[in-house]
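One structure below.
The values are calculated or read from the model by the stated rules, or taken from the named source; none is laboratory data. The structure displayed is predicted, hence computed values, not measured ones. Keep in mind that these areas ignore ligands, DNA and RNA; they rest on the heavy atoms of the full protein, side chains included. Shrake-Rupley method; radii C 1.70, N 1.55, O 1.52, S 1.80 Å.
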Amino acid sequence: MAQDGTGRVTRRRLRTRARLLDAAFTVLAAKGFGHVSIEEICEAAGYTRGAFYSNFAGLDELFFALYAERADVIAEQVAGALALDGPDLDVAAAVDRVSEVLLLDRDWLLVKTDFLVRAARDPRVADTLLDHRARLRRAVADRLERARGHTALPAVLGDSEGAAHAVVAAYDGVTTQLLLDRDVERARAWLKQLLTALLAG
(Lines give C-alpha, C1' and ligand atoms only; values in the text may rest on other atoms or scores of the structure.)
Protein backbone atom coordinates (compact mmCIF):
# COMPACT_ATOMS: atom_id res chain seq x y z
CA MET A 1 0.00 0.00 0.00
CA ALA A 2 2.87 2.37 0.75
CA GLN A 3 4.23 1.87 -2.75
CA ASP A 4 0.83 2.75 -4.25
CA GLY A 5 0.74 5.91 -2.15
CA THR A 6 4.24 6.83 -3.22
CA GLY A 7 3.28 6.25 -6.82
CA ARG A 8 0.30 8.56 -6.52
CA VAL A 9 2.45 11.26 -4.94
CA THR A 10 5.06 10.89 -7.69
CA ARG A 11 2.44 11.12 -10.44
CA ARG A 12 0.85 14.14 -8.81
CA ARG A 13 4.20 15.84 -8.49
CA LEU A 14 5.00 15.14 -12.14
CA ARG A 15 1.65 16.65 -13.15
CA THR A 16 2.35 19.69 -10.99
CA ARG A 17 5.79 20.13 -12.53
CA ALA A 18 4.38 19.75 -16.05
CA ARG A 19 1.67 22.35 -15.41
CA LEU A 20 4.19 24.77 -13.96
CA LEU A 21 6.43 24.33 -17.01
CA ASP A 22 3.51 24.83 -19.40
CA ALA A 23 2.39 27.96 -17.55
CA ALA A 24 5.95 29.28 -17.45
CA PHE A 25 6.32 28.73 -21.19
CA THR A 26 3.21 30.82 -21.91
CA VAL A 27 4.13 33.61 -19.50
CA LEU A 28 7.79 33.76 -20.54
CA ALA A 29 6.92 33.86 -24.24
CA ALA A 30 4.53 36.75 -23.59
CA LYS A 31 6.69 38.84 -21.23
CA GLY A 32 10.29 37.59 -21.43
CA PHE A 33 12.67 36.34 -18.78
CA GLY A 34 13.47 39.09 -16.29
CA HIS A 35 9.94 40.45 -16.50
CA VAL A 36 8.19 37.47 -14.94
CA SER A 37 7.74 36.64 -11.26
CA ILE A 38 7.26 33.31 -9.56
CA GLU A 39 3.84 34.55 -8.45
CA GLU A 40 2.75 35.11 -12.07
CA ILE A 41 3.76 31.59 -13.04
CA CYS A 42 2.01 30.10 -10.02
CA GLU A 43 -1.15 32.07 -10.78
CA ALA A 44 -1.12 30.96 -14.42
CA ALA A 45 -0.64 27.32 -13.36
CA GLY A 46 -3.16 27.48 -10.52
CA TYR A 47 -0.63 26.59 -7.80
CA THR A 48 0.89 28.14 -4.69
CA ARG A 49 4.49 29.22 -4.19
CA GLY A 50 4.90 26.10 -2.08
CA ALA A 51 4.12 23.92 -5.08
CA PHE A 52 6.62 25.90 -7.12
CA TYR A 53 9.42 25.53 -4.60
CA SER A 54 8.76 21.82 -4.17
CA ASN A 55 9.74 21.45 -7.84
CA PHE A 56 12.20 24.26 -8.57
CA ALA A 57 14.75 26.17 -6.52
CA GLY A 58 13.93 29.36 -8.39
CA LEU A 59 13.26 30.92 -11.80
CA ASP A 60 16.71 30.03 -13.14
CA GLU A 61 16.19 26.33 -12.51
CA LEU A 62 12.73 26.46 -14.06
CA PHE A 63 14.07 28.30 -17.11
CA PHE A 64 16.77 25.67 -17.61
CA ALA A 65 14.24 22.85 -17.21
CA LEU A 66 11.82 24.49 -19.64
CA TYR A 67 14.51 25.08 -22.25
CA ALA A 68 15.88 21.54 -21.94
CA GLU A 69 12.43 20.01 -22.26
CA ARG A 70 11.47 21.98 -25.38
CA ALA A 71 14.92 21.62 -26.95
CA ASP A 72 14.79 17.84 -26.51
CA VAL A 73 11.40 17.72 -28.24
CA ILE A 74 12.67 19.78 -31.20
CA ALA A 75 15.81 17.64 -31.60
CA GLU A 76 13.74 14.44 -31.50
CA GLN A 77 11.27 15.82 -34.05
CA VAL A 78 14.07 16.84 -36.41
CA ALA A 79 15.70 13.41 -36.10
CA GLY A 80 12.33 11.75 -36.73
CA ALA A 81 11.59 13.93 -39.75
CA LEU A 82 14.94 13.05 -41.30
CA ALA A 83 14.65 9.33 -40.58
CA LEU A 84 11.60 8.67 -42.76
CA ASP A 85 13.43 8.18 -46.08
CA GLY A 86 15.41 5.12 -47.07
CA PRO A 87 19.11 5.27 -47.98
CA ASP A 88 18.38 7.82 -50.71
CA LEU A 89 17.67 11.24 -49.24
CA ASP A 90 14.59 12.83 -50.80
CA VAL A 91 15.84 16.39 -50.30
CA ALA A 92 12.54 18.10 -51.13
CA ALA A 93 10.49 15.86 -48.80
CA ALA A 94 13.06 16.05 -46.00
CA VAL A 95 13.25 19.84 -46.28
CA ASP A 96 9.45 20.07 -46.08
CA ARG A 97 9.33 17.93 -42.93
CA VAL A 98 12.22 19.69 -41.19
CA SER A 99 10.82 23.13 -42.03
CA GLU A 100 7.49 22.21 -40.49
CA VAL A 101 9.19 21.01 -37.30
CA LEU A 102 11.65 23.86 -36.87
CA LEU A 103 9.12 26.64 -37.40
CA LEU A 104 6.30 25.03 -35.49
CA ASP A 105 6.02 27.51 -32.63
CA ARG A 106 6.91 31.22 -32.58
CA ASP A 107 6.55 31.24 -28.78
CA TRP A 108 9.39 28.70 -28.60
CA LEU A 109 11.55 31.02 -30.70
CA LEU A 110 10.86 33.85 -28.25
CA VAL A 111 11.88 31.71 -25.28
CA LYS A 112 14.93 30.40 -27.16
CA THR A 113 15.98 33.96 -28.00
CA ASP A 114 15.76 34.91 -24.32
CA PHE A 115 18.01 31.95 -23.60
CA LEU A 116 20.45 33.08 -26.31
CA VAL A 117 20.72 36.56 -24.79
CA ARG A 118 21.45 35.05 -21.37
CA ALA A 119 23.95 32.63 -22.92
CA ALA A 120 25.91 35.52 -24.41
CA ARG A 121 26.60 36.75 -20.87
CA ASP A 122 26.75 33.51 -18.88
CA PRO A 123 29.07 30.63 -19.84
CA ARG A 124 26.92 28.15 -17.89
CA VAL A 125 23.87 29.04 -19.99
CA ALA A 126 26.03 29.06 -23.13
CA ASP A 127 27.07 25.45 -22.51
CA THR A 128 23.42 24.37 -22.42
CA LEU A 129 22.60 26.22 -25.64
CA LEU A 130 25.70 24.90 -27.40
CA ASP A 131 24.71 21.36 -26.42
CA HIS A 132 21.24 21.84 -27.94
CA ARG A 133 22.71 23.21 -31.17
CA ALA A 134 25.19 20.33 -31.31
CA ARG A 135 22.34 17.81 -31.00
CA LEU A 136 20.46 19.50 -33.84
CA ARG A 137 23.57 19.39 -36.00
CA ARG A 138 24.17 15.73 -35.14
CA ALA A 139 20.61 14.84 -36.15
CA VAL A 140 21.17 16.48 -39.55
CA ALA A 141 24.74 15.23 -40.01
CA ASP A 142 23.86 11.62 -39.11
CA ARG A 143 21.11 11.56 -41.73
CA LEU A 144 23.32 13.10 -44.41
CA GLU A 145 26.09 10.62 -43.58
CA ARG A 146 23.68 7.69 -44.05
CA ALA A 147 22.76 9.08 -47.47
CA ARG A 148 26.39 9.40 -48.58
CA GLY A 149 26.93 7.37 -51.74
CA HIS A 150 23.24 7.71 -52.59
CA THR A 151 22.76 11.48 -52.46
CA ALA A 152 25.59 13.88 -53.31
CA LEU A 153 26.10 17.07 -51.32
CA PRO A 154 27.39 20.28 -52.94
CA ALA A 155 31.19 20.21 -52.75
CA VAL A 156 31.33 23.70 -51.21
CA LEU A 157 29.79 22.35 -47.99
CA GLY A 158 32.50 19.76 -47.51
CA ASP A 159 31.33 16.80 -45.44
CA SER A 160 28.02 16.06 -43.73
CA GLU A 161 29.13 18.00 -40.63
CA GLY A 162 29.73 21.10 -42.73
CA ALA A 163 26.32 20.71 -44.32
CA ALA A 164 24.71 20.39 -40.89
CA HIS A 165 26.36 23.65 -39.77
CA ALA A 166 24.97 25.36 -42.87
CA VAL A 167 21.46 24.04 -42.17
CA VAL A 168 21.48 25.38 -38.58
CA ALA A 169 22.88 28.73 -39.78
CA ALA A 170 20.06 29.03 -42.33
CA TYR A 171 17.55 28.27 -39.58
CA ASP A 172 19.06 31.00 -37.38
CA GLY A 173 18.69 33.61 -40.10
CA VAL A 174 15.13 32.69 -41.00
CA THR A 175 13.92 32.59 -37.41
CA THR A 176 15.36 36.04 -36.71
CA GLN A 177 13.23 37.43 -39.54
CA LEU A 178 10.21 35.47 -38.30
CA LEU A 179 10.48 37.01 -34.84
CA LEU A 180 10.38 40.48 -36.39
CA ASP A 181 7.71 40.18 -39.08
CA ARG A 182 5.64 37.31 -37.56
CA ASP A 183 5.04 35.88 -41.04
CA VAL A 184 5.30 32.12 -40.46
CA GLU A 185 4.33 31.12 -44.00
CA ARG A 186 6.93 33.36 -45.61
CA ALA A 187 9.58 32.18 -43.16
CA ARG A 188 8.74 28.54 -43.88
CA ALA A 189 8.92 29.15 -47.65
CA TRP A 190 12.24 30.97 -47.28
CA LEU A 191 13.72 28.22 -45.13
CA LYS A 192 12.63 25.58 -47.65
CA GLN A 193 14.29 27.54 -50.46
CA LEU A 194 17.51 27.98 -48.50
CA LEU A 195 17.75 24.36 -47.39
CA THR A 196 16.95 23.06 -50.85
CA ALA A 197 19.65 25.28 -52.37
CA LEU A 198 22.14 24.18 -49.70
CA LEU A 199 21.49 20.45 -49.87
CA ALA A 200 20.70 20.06 -53.56
CA GLY A 201 23.16 22.59 -54.94
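Tabulated results
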quantity: Given (1) modelled with pLDDT under 85; (2) under 13 Å from Leu102 (Cα atoms); (3) open to solvent by 50 Å² or more (accessible area, probe 1.4 Å), index of the condition Trp190 fails; calculated: (1)
quantity: Failed item in (1) open to solvent by less than 20 Å² (accessible area, probe 1.4 Å); (2) modelled with pLDDT of 85 or more, with Asp172 passing the rest; calculated: (1)
